[in-house]
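A.B. asks: Just passing along the structure, written as structure tokens.
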């Protein structure tokens, strides 16, 4: 469960971390959807420099439980089209002519209104759970330190 994962990684909040090793964790796990200040990445989710003020505890929660607290503009929507395709992403444009979705990895999907069958809010972040898989507590401490020092 997510609660068990949080308990497992809780020691990372107080453990000493190495920012250079944390940068490697960022480049391995986070860069496909986040930027980190001057470290280039794909802007799907927030630039991590803007969330570092949450502190280590808040950052750990955001990483391990990304759906717990989601800003409205980062909520994922499920959209189906009349030709049978399904997309999940953040709505970046929604008007009379159509809508645009930013999907994982940063690609933008543009759909004509006439081709949209339906859309619904998932109520969740586009960021998936489980990104900590394969990480040690020290790896997490390193990642938290990297974000903290941005």
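The values are calculated or read from the model by the stated rules, or taken from the named source; none is laboratory data. The structure displayed is predicted, hence computed values, not measured ones. Note that each Cβ is placed from the backbone with ideal geometry, even for glycine, and that neighbours are counted across all protein chains shown.
A.B. asks: Would it be correct to say that residue 13 is over 14 Å from residue 146 (Cβ atoms) and surrounded by 15 or more Cβ atoms within 10 Å (Cβ to Cβ)? If you could, list the steps in order and put the result at the bottom.
C.D. replies: Numbers: over 14 Å from residue 146 (Cβ atoms): yes; surrounded by 15 or more Cβ atoms within 10 Å (Cβ to Cβ): yes.
Yes.
A.B. asks: Tell me whether segment 90-102 contains one or more residues that are within 26 Å of residue 3 (Cα to Cα), surrounded by 15 or more Cβ atoms within 10 Å (Cβ to Cβ) and either in contact (Cβ under 8 Å) with a residue 24 or more places away in the chain or not assigned by TED's automatic domain parsing to the domain that holds residue 140 (or both).
C.D. replies: Narrowing segment 90-102 to residues within 26 Å of residue 3 (Cα to Cα): none.
Within segment 90-102 (the criterion being within 26 Å of residue 3 (Cα to Cα), surrounded by 15 or more Cβ atoms within 10 Å (Cβ to Cβ) and either in contact (Cβ under 8 Å) with a residue 24 or more places away in the chain or not assigned by TED's automatic domain parsing to the domain that holds residue 140 (or both)), the answer is no, since none of the residues qualifies.
A.B. asks: I'd like to know if segment 121-128 contains one or more residues that are free of Cβ contacts under 8 Å to residues at least 40 places away in the same chain and outside any helix (DSSP H, G or I). Before you say what the answer is, go through the steps one by one.
C.D. replies: As a first pass, look at segment 121-128 and keep what is free of Cβ contacts under 8 Å to residues at least 40 places away in the same chain: none.
No, that holds for no residue.
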